[in-house]
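These notes concern the structure reproduced below.
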Amino acid sequence: MKVQFTETVVRDAQQSLIATRMPFSDFEDILETMDNAGYHSIECWGGATFDSCLRFLDEDPWERLRKIKAICKKTPLQMLLRGQNILGYKHYPDDVVRLFVRKSAENGMDIFRIFDALNDFRNIEVAVDETLKCGKHAQGCICYTTSPVHTVEKYAEMGKELEKMGVNSICIKDMAGICGPQEAYDLVKALKASVKVPIYFHTHHTTGLGPMTYLKAIEAGLDGIDTAISPMAGGTSQPATETMKYALEQLGYETDLDSAALKKIADHFAPIKDRFIKEGTLNPKSMGIRTDILEYQLPGGMFSNMLKQMTDMKAQDKFEEALAEIPNVRKDLGYPPLVTPMSQLVGTQAVNNVLFGKYKNVTKDTKAYLRGEYGRAPGEVNKDLISQFWKDDEIITCRFADTLEPVFEKTKAELGDKARSDEDVLSYISFPQVAEKFFAAREEKESNTVNYTIEKKED
Ligand code: CO
């Protein structure tokens, strides 16, 4: 049996370890080797990379994608797409979602891994449909969480629903690294019995369970795993590519990975990692194991965000209380999986409940959630809580994007020649202020270059 590997070093690994601060120049020279290493796919775009390129790295994310594609001609490129949220935090109208997918495909994307934070698949339907129309690979995600309403049977039903939608494969997305080996085994067995499409597993090494979870999932018939090359593996990142290859081959599984290429890739990223540690971008703490996450069942990022939030408010003495409030908020909200943007929403509400009294200070996001703007909750939402803020006829039961007007053409007209392409318009719609600043800086950089050339001529 063969196990496929998706390399995450230039997307999730660097997003998890160094807050997505890796510039293209750090990996440009190793891409050709990566293309020849035998990976099933290279995850290289989407998630936070798009925002980070524009905001911190002074890079056009679309250009980065084109440059990667120009070098990686053999291995499919893969991205993470937040369904109707694209790469942002709110729902966008369908015209934007469709064009975003189309432009990503045109610029070189091959595999679209698409998820909705609530597993409300109405919110990924349009992105999946457009991916398929572009002739690309649509991978539907099941966000993994634990709660009384998240049973193996329920996950198997989700798998069937995704397959009916036409996805080419399914990914179990364990963003917090909390899925244990037995849970993974049962989950993959149940999915394999329910669907025909290949199943992939995505986890993080945060709790130390990762490699064991992968192994048991593979024993249950899993098709592929997400790993990161060793210098950028472990901790909040993925399990290491070389370790998994070694263990799996010893157990008689086949992989297409080439050891010599992996060695080159590891040698390339080792000094880059050292530089990030030296600069303070990579906190060695992120490389360790955190078992408290198993107790609280929270993604590591959410844990540190809450701690920072409370420390800033000089209320760190109530941190334990806030952690204990999370299960209550989750129950009231119908057990949403704790993934972006739900992790932020639930975390902030739990902090507010502890500091100001239960639902005395309800955030705008929580109110929008109660109205149904994020989609259908997995379980039942506290009705008294909803009626505190919304009348029955204000509640949204349809897909929220159905209430949104198209915005692409209108935005394009407003931007005029500030945007040089449809890709620019999409960057602007996703991150308006950041994109505007990026466009202005680009303009200035180019006019400086022109002036310099003219001065040179006059010499
Ligand atoms: Co991840």
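Worth a mention:
- Meets criteria (under 27 Å from I18 (Cβ atoms) and surrounded by 14 or more Cβ atoms within 10 Å (Cβ to Cβ)) for G301: yes
- Among the residues of segment 28-44, the ones that are without any contact (Cβ under 8 Å) to a residue 60 or more places away in the chain, among the hydrophobic types (A, V, I, L, M, F, W, C) and more than 25 Å from L215 (Cβ to Cβ) come to 2 in all.
- Qualifying residue in segment 257-268 (condition: out of contact with any helix residue (DSSP H, G or I) (no Cβ under 9 Å at 6 or more places or on another chain), at pLDDT 95 or above and crowded, with 20+ Cβ neighbours inside 10 Å): no
- For segment 209-224, a residue qualifies if it is out of contact with any Leu (no Cβ under 9 Å at 6 or more places or on another chain) and within 16 Å of the ligand (Cβ to nearest atom), and the qualifying residues are G210, P211, T213, G224.
- Of the listed requirements (1) aliphatic (A, V, I, L, M); (2) closer than 15 Å to F115 by Cβ; (3) away from the ligand (no atom under 16 Å from the Cβ), A156 misses just one: (2).
- Applying the criterion of being out of contact with any Leu (no Cβ under 8 Å at 6 or more places or on another chain) and surrounded by fewer than 20 Cβ atoms within 10 Å (Cβ to Cβ) to the residues of segment 105-119, the residue that is farthest from G375 (Cα to Cα) is E106.
- K314 vs. criteria without any contact (Cβ under 8 Å) to a residue 12 or more places away in the chain and assigned to a loop (DSSP other than H, G, I, E, B): yes
- P406 being in a loop (DSSP other than H, G, I, E, B), touching a residue at least 12 places away in the same chain (Cβ under 8 Å) and open to solvent by less than 70 Å² (accessible area, probe 1.4 Å): no
- Here G334 meets the list (1) over 27 Å from A19 (Cβ atoms); (2) of a type outside the set (A, V, I, L, M, F, W, C); (3) part of a helix (DSSP H, G or I) almost entirely, failing just condition (3).
- Cross-chain or 6+ apart pairs with Cβ under 9 Å, segment 204-218 first and under 11 Å from Q182 (Cα atoms) and among the small types (G, A, S), then more than 16 Å from the ligand (Cβ to nearest atom) and open to solvent by 20 Å² or more (accessible area, probe 1.4 Å): A217/P181; A217/Y185
- Selection of segment 8-23 for residues being on the phi < 0 side of the Ramachandran plot and either surrounded by fewer than 18 Cβ atoms within 10 Å (Cβ to Cβ) or not assigned by TED's automatic domain parsing to the domain that holds D60 (or both) yields R21, P23.
- Condition broken by P271, with the remaining ones in (1) surrounded by fewer than 19 Cβ atoms within 10 Å (Cβ to Cβ); (2) within 18 Å of G38 (Cβ to Cβ) satisfied: (2)
- Any hit, segment 37-47, residues being of a type outside the set (S, T, Y), under 27 Å from S169 (Cβ atoms) and at pLDDT below 95: yes
- Segment 409-432, subset over 24 Å from the mean Cα position of the chain (by Cα) and among the aliphatic types (A, V, I, L, M), residue surrounded by the fewest Cβ atoms within 10 Å (Cβ to Cβ): A413
- When Y374, Y369 are checked against the criterion of being in a helix (DSSP H, G or I), surrounded by 21 or more Cβ atoms within 10 Å (Cβ to Cβ) and of a type in the set (F, W, Y), a single residue qualifies: Y369.
The values are calculated or read from the model by the stated rules, or taken from the named source; none is laboratory data. These figures come from a predicted structure and were not determined experimentally. Using ideal geometry, Cβ is built from the backbone for each residue, glycine included, and neighbour counts are taken over all protein chains shown. SASA here: full protein model, heavy atoms, side chains in, ligands and nucleic acids out. Shrake-Rupley method; radii C 1.70, N 1.55, O 1.52, S 1.80 Å.
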